[in-house]
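**Student:** The structure under discussion is supplied below as structure tokens; questions concerning it will follow.
FYI, it's all coordinate maths here, none of it is from the lab. Keep in mind that this is a model prediction, so the values were computed, not measured. FYI the Cβ positions are ideal-geometry reconstructions off the backbone, even for glycines, and counts take in every protein chain you see.
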Amino acid sequence: MSFVDNNFTVPPPLTVAKFGGTSVADHAAMSRSASIIKENPSAKVVLISACSGVTNLLVELANGIADSEQRSQRLQQLQTIHQNILSQLSNPETVSGDIQRLLNDVAALATQAVHNPSAQLTDQLVSHGELLSTYLFAQILNEMGARALRFDIRSVMKTDSQFGKAIPDTDAIRQQAESQLNPLLTNDQIIVSQGFIGSADNGTTTTLGRGGSDYSAALIAEAIQADNLEIWTDVPGMYSTDPRLAATAQPIKEISFCEASEMANFGAKILHPSTLVPAIRQQIPVFIGSSKAPEQGGTWIREHVEQPPKFRALALRCNQTMVTLTSLNMFHAYGFLAEVFRILAKYKISIDLITTSEVSVSLTLDQTDTGGGAPTLPVAAIEELNQLCRVDVEQDLCLVALIGNKLGEAPGAATQVFGTLEQYSPRMICFGASTHNLCFLVKTNESREAVKTLHHALFE
Ligand code: ADP
Ligand code: ASP
Ligand code: MG
């Protein structure tokens, strides 16, 4: 199919659509998502997550469950989730052999993980969630009369070999997409593939980190130069804060790349933090909507929006680890921070936020890998840092971020925020590095209330 316009043949629009775990949770959810695809002829590439809850179960198994009864129970849960979908297919036999083979692999790998857990094995094991769901989703599309082709994304999604948070190789992805995906796009078919998973140079399976399917979809959209990226989830777009945190959260119809990137970066779970990087590089507008209620519309994320507001949204990111390094030698000295960063780089520790005083520096650790939990400093890194300064590590903290526009120039913005938070004790306040955000840490047990209070004061 091609569109003829003033004697020029214009290629038809191309959309990459991504469906998250709740959008492919069971047969009903998969069928709703498949209908969205069928109704949009431009949606030629579909990336999906594992069925809801499956990755969590696989991560548990990958961590090694020694008790065989408990292990069998998790395996049984996985069997039930996929069996339920299979049993509602018109032709289950088309895919039941593949599903059983993958579930058998999971059982074998889970036993291996008891004796020899590793980040590499974790990625191999958790990748089965997306491998399983794509067999079922492609079959549902086919049974609805579409022509779906299941494709293993690992041959295109090339990454380095940092298991659990692999870094995509965008040049290799583009080359592989050109040779493997583009030829398939010319046919009247829908490519159904996996988010989240990839492969290293030697072919070993990797993952992009929890929630990474959004990022996968953006990378593929960039590689095939799609016109749009659609992220289908369980809420009709982005809100002024997580609607699960504040029922009064307000929907956002349109938001700029800059603002949405800040939201994703500061923990708005609706988007993996890196999702918008490829979209911005290729200037691909992103739509976020609910697969449960597509008619409700959603949020468009694009380069520019009309009249961006002063306060846009609040994000909350928990499981923060704060490291405070104190040394009197820091006073008027040079080279101290360079030495700290050299040690952190040596242990591949990525820093998120940083604040300094004359004798101390506080930083938070980045946390994205598939294994989950709060990030920690390796003992060897602490020992090396201890030669230089005192090291205090604190957990049980959450990061609250206010996202907006020209916050630094807005008179009284900080007073408005901190005046509202009188009864809390915000720490490590970061304001000024970007005009788009103001953020601080609070204790986990007061974080939800702090966001609600702030939301009430600034948005309601
Ligand atoms: P999926 O499985 O589809 O990727 P996620 O659970 O990762 O879905 O992301 C969707 C969830 O993001 C929503 O259910 C919502 O609770 C949460 N969320 C966090 N911040 C926001 C926000 N600002 N607007 C909308 N949803 C948000
Ligand atoms: N299934 C993976 C996860 O649960 C990736 C994703 O859903 O985006 O983290
Ligand atoms: Mg997600």
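**Student:** Could you run the Karplus curve 6.51 cos²θ - 1.76 cosθ + 1.60 with θ = phi - 60° over the stretch 388-404 and give me ³J(HN,Hα) per residue in whole Hz, x for Gly and Pro?
**Tutor:** Computed from phi, the couplings for the stretch 388-404 are 9, 6, 7, 10, 10, 10, 10, 10, 6, 10, 10, 9, 9, 10, 9, 10, x Hz.
**Student:** Filter Lys253/Lys452; Lys38/Lys269; Lys253/Lys310 down to the pairs with a C-alpha to C-alpha distance above 19 Å, please.
**Tutor:** Lys253/Lys452; Lys38/Lys269
**Student:** Can you list residues from other chains, or at least 5 along the same chain, whose modelled amide H is less than 5 Å from the amide H of Ala268?
**Tutor:** For Ala268, the qualifying residues are Leu316.
**Student:** Also: Using modelled amide H (1.01 Å from N, peptide plane; none on Pro or chain starts), what sits under 5 Å from the amide H of Ile351, excluding residues fewer than 5 places away?
**Tutor:** Asp366
**Student:** Order 123-136, 83-96 from most to least packed using the mean count of other Cβ atoms within 10 Å.
**Tutor:** Order by mean packing, descending: 123-136, 83-96.
**Student:** Could I ask something else about it? If a/c stays under 1.5 just call it rounded; otherwise compare a/b with b/c (prolate if a/b is bigger, oblate if not). Do that for the stretch 382-460, with a ≥ b ≥ c from the square roots of the Cα gyration tensor eigenvalues.
**Tutor:** Verdict is oblate for the stretch 382-460.
**Student:** If you take all C-alpha pairs in the chain, what percent of them are over 43 Å apart?
**Tutor:** Of all Cα-Cα distances in the chain, 17 percent exceed 43 Å.
**Student:** Straight distance only, please: which lysines reach the Cα of Lys348 with their own Cα at less than 23 Å, same-chain residues fewer than 8 apart left out?
**Tutor:** Lys158, Lys165
**Student:** Cα centroid distance between the stretch 210-271 and the stretch 127-168, in Å?
**Tutor:** Cα centroid of the stretch 210-271 versus Cα centroid of the stretch 127-168: 21 Å apart.
**Student:** Okay, moving on. ³J(HN,Hα) across the stretch 62-67 via Karplus (A = 6.51, B = -1.76, C = 1.60, θ = phi - 60°), whole Hz, x for Gly/Pro?
**Tutor:** 5, 6, x, 9, 5, 5
**Student:** How high is the FRET efficiency between Asp26 and Glu178 when r is their beta carbon distance and R₀ equals 35 Å, given to the nearest 0.05?
**Tutor:** Efficiency at R0 = 35 Å is approximately 0.45.
**Student:** May I pose another question? Just need the relative contact order of the stretch 168-292 here, percent rounded to a whole number, with Cα pairs under 8 Å and 6+ apart.
**Tutor:** It comes to 27 percent, rounded to a whole number.
**Student:** Once you charge only the Cβ atoms, +1 for Lys and Arg and -1 for Asp and Glu, what is the size of the charge dipole of the chain about its Cα centre, to the nearest 20 debye?
**Tutor:** With only Lys, Arg, Asp and Glu charged at Cβ, the dipole is about 200 debye.
**Student:** Spelling out what I want: for every residue of the stretch 152-157, take phi, set θ = phi - 60°, compute 6.51 cos²θ - 1.76 cosθ + 1.60 (Karplus), and round to whole Hz; glycine and proline get x.
**Tutor:** 8, 5, 4, 6, 10, 7
**Student:** In addition: Report the Stokes-Einstein translational diffusion coefficient (µm² s⁻¹, integer) for the stretch 197-301, Rh taken as the Kirkwood radius over Cα pairs, at 37 °C with viscosity 0.692 mPa s.
**Tutor:** 230
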